[in-house]
Amino acid sequence: MTLAHWLLFCGVSLLMSFTPGPAVLLAVSNSVDVGAKRTAFSSLGSVIGIFAISGLAMVGMGTILSLSANAFLIMKVVGALYLIWLGIKRWRSQDALIGNDAGLAPTQRRERKNWQLVAQGLGVSLTNPKAILFFSALFPQFIVPGEPLFTQYLLLTTTFAVCALISHAFYVVLISLVKGHVVARAKLFNRIVGGTFIALGLGLLKTRHKLG
């Protein structure tokens, strides 16, 4: 893979990563809820999910989902329900859950275990069939024929994962800069984030079983 080839993939990955989606929204939500530092755990879960779904795409799961309406429907409904559940949970959050104590030690505020944050990020990644179809459509455009497939899988996936982490960090920093306004309007923030999660879930239900 040439440098120009890789840089083009970086550009596509950054564009996709910075487009707000479930993973970015989760990072923003958690940055206010548990603090910027611990948001890294949910982002770690998202990265693990990226490697998993890109692996599934490489072994042909994307082809199965694009051809089998039933397989795609099952995964789509599961993913949509998970996003809607996250949205309802955030929508119904009380003001006290988002306040100036965000980011303090668990003994000083409501406890959120690190493994729960990792699982949350992983769940958002794994329950999105559009991600598998995305990798199935994207990777073939950058795979060099005749070269080791596993090496290219690691390079492309790691690049995309790093781009995703950069986008999460950007949005978390952005939210931290306006955190005072977010805290002052905690209920509105909950409704906006919760409503967006629900909208993403409903939008996923409308996704067709084939790309394009």
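Using only the Cα atoms of the stretch 1-58, construct the convex hull and provide its projected area averaged over every direction, in square nanometres to one decimal. For the stretch 1-58, averaging the hull's shadow over all directions gives 4.8 nm². Taking 7 Å steps out from each Cα toward its Cβ at Lys206 and Asn70 produces label points 2.8 nm apart. Using the Cβ-Cβ distance between Thr151 and Leu15 with R0 set to 30 Å, the FRET efficiency works out to roughly 0.80. Taking every protein chain into account, the 1.4 Å probe leaves Arg185 with about 130 Å² of accessible area, to the nearest ten.
The values are calculated or read from the model by the stated rules, or taken from the named source; none is laboratory data. Being a predicted model, the structure only gives us computed values, none of them experimental. Don't worry about glycine lacking a Cβ; one is built from the backbone with ideal geometry, like all the others, and counts go over all protein chains shown. For accessibility, only protein heavy atoms count, side chains too; no ligands or nucleic acids. Shrake-Rupley method; radii C 1.70, N 1.55, O 1.52, S 1.80 Å.
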